[in-house]
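Below: one structure, written as structure tokens.
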Amino acid sequence: MGFLALVLTACGPSNPCTASEMHLRIRYAQRYVGHWVVARGDTLTLPQLGDRFKLTDVVLDTTRIAVGRTCRFRGTLVFKVPRDTLPVTWIGFPEQALIYGWPAELGPFAGIGASRVGDSLAGEILFDERLNVQVRPGVTARFLAGRVRER
């Protein structure tokens with residue numbers, strides 16, 4: 001049985017971005033693709049780090065990028081505080097998009113969970129408990145963004 005699994009794995013695509021399951025992932029991603037400008041958002045201050053974070057833009061596209069054994073899409077997060085632009089990866093599901101790629105030196109962030117609410121993108125920053133930064137229960141950094149219309 002183990003040999004059969006090995007053979008089937010070996011016969012699969014070497015690049016996860018060419019796998020047949022990407023057709024469905026692309027379809028799910030379409031509702032989140034675009035340039036989103038944050039209309040309302042929390043400024044998050046973490047006392048342990050002394051840093052403030054203020055998200056201004058979320059840019060999600062369908063350029064594929066292999067991340068380990070999975071395939072994600074490319075994106076960018078733009079912050080006003082600190083003034084920084086982060087390249088990220090993301091994946092879309094029917095109920096939400098998950099955005100990954102925060103550098104460890106930026107803080108205890110696991111990424112962003114975002115959902116479509118009408119014509120808006122509503123989300124919040126997710127914390128990574130493995131980095132041992134204590135966050136008070138209920139602390140969130142939520143945002144509401146609108147899509148920039150292409151001209």
Name every residue in region 87-119 that is modelled with pLDDT of 75 or more and open to solvent by less than 30 Å² (accessible area, probe 1.4 Å), in order of residue number. Val88, Thr89, Trp90, Ile91, Gly92, Ala97, Ile99, Gly111, Ile112, Gly113, Ala114
Looking at region 57-74, can you tell me whether even one residue there is of a type in the set (A, V, I, L, M, F, W, C), at pLDDT 95 or above and open to solvent by 40 Å² or more (accessible area, probe 1.4 Å)? yes
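The values are calculated or read from the model by the stated rules, or taken from the named source; none is laboratory data. What you see is a predicted model, and the numbers here were worked out from it, not measured in a lab. When the accessible area is computed, the model is the full protein with side chains, heavy atoms only, and any ligands, DNA or RNA have been set aside. Shrake-Rupley method; radii C 1.70, N 1.55, O 1.52, S 1.80 Å.
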